[in-house]
Number of protein chains: 2
Amino acid sequence: MESQSSSVFCNFASFYFAIKMTNSIKDLFNKILAGKKPENLYRPIEYILMQSGKRLRPQLVSYASRMFGGDEDGALHIAAAFEMLHNFTLIHDDIMDKADVRRGEPTVYRKWNTNIAILSGDALAVMAMQQLHKLRCDPQTIIEISEVFTQTALEICEGQQYDLDFETRDNVSIDDYVEMVRLKTAVMFAGCLKTGGMFAGADTESLAALYDLGIHLGIAFQLADDLLDVYADTEVFGKAVGGDIKDNKKTFVFLKALELSDSGQNKTLKALYSDKEMEENEKFMKVKAIYDSVGVRKASEEAIMNYSKLCYEDLKRINAGDEKKKELVDLVKKLQNREK
Amino acid sequence: MESQSSSVFCNFASFYFAIKMTNSIKDLFNKILAGKKPENLYRPIEYILMQSGKRLRPQLVSYASRMFGGDEDGALHIAAAFEMLHNFTLIHDDIMDKADVRRGEPTVYRKWNTNIAILSGDALAVMAMQQLHKLRCDPQTIIEISEVFTQTALEICEGQQYDLDFETRDNVSIDDYVEMVRLKTAVMFAGCLKTGGMFAGADTESLAALYDLGIHLGIAFQLADDLLDVYADTEVFGKAVGGDIKDNKKTFVFLKALELSDSGQNKTLKALYSDKEMEENEKFMKVKAIYDSVGVRKASEEAIMNYSKLCYEDLKRINAGDEKKKELVDLVKKLQNREK
């Protein structure tokens, strides 16, 4: 009985903190941007920061900080810095990927233009760094947090470059792909968790575990994303499936299917990925038929499960009570069973 | 006699420090970039950092630091940070301005492509920030230097956006233009001088004077640049004149000529700037004829002289001995009489 009510309380508290974080971040962004000029630099930044994204990265900072008793409002500046860094990467990635729509709205470079998107992305990256200078903690900790933050930012650039390189490479291995995902996606999760812990004064062992948890969580998150692109329920997913197949993206699902297929299927799959004429839906159905026949769904789910197991191992290494870890355990479970 | 030999020594010392800084910066860049991957991210960065630019910004950091007895090697990381920030802006500006050549070589986006130029610019900006974390001084000073650095970077983005906005605006005043130049060009000079002084522990009054000196020096530098585009000796200048006129750039010379011209000349000048058919050289000669007849060269030289005078006023406010200021006095003189 006691454990049940404690669990209800924990969920309620978690919900409360999530809502509070989302509102505080929004208030902070409004405050930062109020009256800033020129319009063409700051309106695109306002536009993307005010879209209702998942705010997953700020929540990760908040989870890790509260786990070690960190002042919740203080860590807000780290949360904001990572959310801004994330949105900076979206603005620039959308130019590179020629993406028209993001979160159901036109992308910045489509709504304004490429020059404005380059420049407002640049400004947003700088503004992200500025948030870290506003942290109220000892100067040495601010510098160490900034070091993790800039290293994260640099690795994200490396990951995006590998992703661009993969478009024209036909020898991408699954290891190459996972390394790209680690850099492009997972280090940001890891950076959020680690810096949240650093702000709250967590011990070295816990910081290493938080970082590893972020890496494994981030990879599981991306593999789930790759799988959903083929097998999601469109109603729940909130967007059309098949985008990666349409764009010939070398995802985990595609690379795993190449590995599992016989030489005939392998050849057909590669041919489908270089066909520039075939109608979109026909191509999707044909690729999916091979995916189905080689059992790539099950193989992907197993890989996601393996990364989730690593997450639970990492969680054990964090020196905090079980009830303090509950939010992160719930998050791992949620990502493990992602439907959107 | 004593003053003469001291002056010779000062020039020799100045020359020695300039060469030493140039070599140290190059060594540092080589060290930072050694073995970094992916190639497509780091080779463009290496390419632009190894070009023989003026290294003016590192010299400014060095002047200010040495003026207050700062450890020369220590300030190198600030010098490197500003040089990297400067080159980051060049990579992204060249995409926006569709510039094919920079320092006699193809620009990054032309040699590689736009996506690689966006991404390697992003990475370079992050690497610039990382240099500041390597400073050997007390953590609070590192944070304060980082604050000046990020504020500088943000203002440069604002300046570049104003510059882009001016392309389609036909009501740009000289005040608007000078404000744009302050943001796009002068704050970097000011940031270099101020942070060099901060590193060496200069007093508040001197830091304010160093900052103001950078602003006035930066504006004089740009106005001289605008003037050289029309009146330079091509042999000495090292590049063709008339680029701004060809690109319909609303420079100080153009805006001042509009101010000085009668309504007929004013109309002709505006018509020439919107003519998309006219042969390049013919257009240059016609615009220059108006410039000559309204006396814009003299007016520009007077404006540059006025900013130089402000520089000397700023120099007086710096609490250091005259012999310590000599390098900066020489620099003001040199920029005042720029021929290239």
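The values are calculated or read from the model by the stated rules, or taken from the named source; none is laboratory data. Predicted model, so just to flag it, every value in this text is computed and none were measured. Counting neighbours? That spans all protein chains shown, and the Cβs are built from the backbone with ideal geometry, glycine included.
A:M84 meets the conditions (1) facing another protein chain (nearest Cβ under 10 Å); (2) within 20 Å of B:L154 (Cα to Cα); (3) not small (G, A, S) in every case but one. The failed one is (1).
Among the residues in region B:102-122, are any within 18 Å of the chain's Cα centre (by Cα), touching a residue at least 60 places away in the same chain (Cβ under 8 Å) and under 23 Å from A:L132 (Cβ atoms)? No, the conditions are met nowhere in region B:102-122. Can we say A:K316 is out of contact with any Phe, Trp or Tyr (no Cβ under 8 Å at 6 or more places or on another chain) and surrounded by 14 or more Cβ atoms within 10 Å (Cβ to Cβ)? When the stated conditions are applied, A:K316 does not pass them. Restricting to region A:265-277, name every residue that is surrounded by 12 or more Cβ atoms within 10 Å (Cβ to Cβ) and aliphatic (A, V, I, L, M). The answer is A:L269, A:L272.
Every condition in (1) under 15 Å from the mean Cα position of the chain (by Cα); (2) within 14 Å of chain A (Cβ to nearest Cβ); (3) buried (at least 24 other Cβ atoms within 10 Å of the Cβ) holds for B:V61 except the one numbered (2). Cβ separations smaller than 8 Å between residues 6+ apart or across chains give the following pairs from region B:315-329 residues that are farther than 15 Å from B:S62 by Cβ to residues that are modelled with pLDDT of 95 or more and among the acidic types (D, E): B:R317/B:E205; B:R317/B:D212; B:N319/B:D203; B:N319/B:E205. So which of A:D170, A:D176 ends up being touching a residue at least 12 places away in the same chain (Cβ under 8 Å), out of contact with any Leu (no Cβ under 6 Å at 6 or more places or on another chain) and outside any helix (DSSP H, G or I)? On inspection, the qualifying residue turns out to be A:D170. Filtering region A:131-150 to residues that are closer than 21 Å to B:L119 by Cα and in contact (Cβ under 8 Å) with a residue 24 or more places away in the chain leaves A:V148, A:F149.
Among the candidates A:R57, A:R43, the residue that is in contact with a Cys (Cβ under 7 Å, 6 or more places away or on another chain) and not assigned by TED's automatic domain parsing to the domain that holds A:G218 is uniquely A:R57. Among residues of region B:226-246 that are free of Cβ contacts under 8 Å to residues at least 60 places away in the same chain, those with a Cβ under 8 angstrom from a residue that is among the polar types (S, T, N, Q), sequence gap 6+ or separate chain, pair up as B:D229/B:T251; B:A240/B:T234; B:V241/B:T234; B:G242/B:N281; B:D244/B:T251.
Here A:M127 passes the criteria (1) within 8 Å of another protein chain (Cβ to nearest Cβ); (2) closer than 15 Å to A:K194 by Cβ; (3) touching a residue at least 12 places away in the same chain (Cβ under 8 Å) except the one numbered (2). Cβ-Cβ contacts under 8 Å between residues 6 or more apart (or on different chains), taken from a first residue in region B:30-45 that is farther than 16 Å from B:Q131 by Cα to a second residue that is β-branched (V, I, T) and part of a helix (DSSP H, G or I), are listed as B:N40/B:I116; B:L41/B:I116; B:P44/B:I91; B:P44/B:V108; B:P44/B:I116.
Before we move on, is A:M67 modelled with pLDDT of 95 or more, in contact with a Lys or Arg (Cβ under 7 Å, 6 or more places away or on another chain), surrounded by 24 or more Cβ atoms within 10 Å (Cβ to Cβ) and closer than 29 Å to A:E327 by Cα? Considered against the rule, which asks whether it is modelled with pLDDT of 95 or more, in contact with a Lys or Arg (Cβ under 7 Å, 6 or more places away or on another chain), surrounded by 24 or more Cβ atoms within 10 Å (Cβ to Cβ) and closer than 29 Å to A:E327 by Cα, A:M67 comes out as yes.
Among the residues of region B:131-190, just one is more than 10 Å from chain A (Cβ to nearest Cβ), of a type in the set (A, V, I, L, M, F, W, C), in contact with a Phe, Trp or Tyr (Cβ under 8 Å, 6 or more places away or on another chain) and closer than 21 Å to A:L124 by Cβ, namely B:M188. Residues of region B:96-114 that are crowded, with 21+ Cβ neighbours inside 10 Å and within 11 Å of chain A (Cβ to nearest Cβ): B:Y109 alone. Kindly indicate whether B:T114 is over 25 Å from B:G218 (Cα atoms) and either β-branched (V, I, T) or touching a Lys or Arg at 6+ places or on another chain (Cβ under 8 Å) (or both). Taking the combined requirement at face value, the residue satisfies it.
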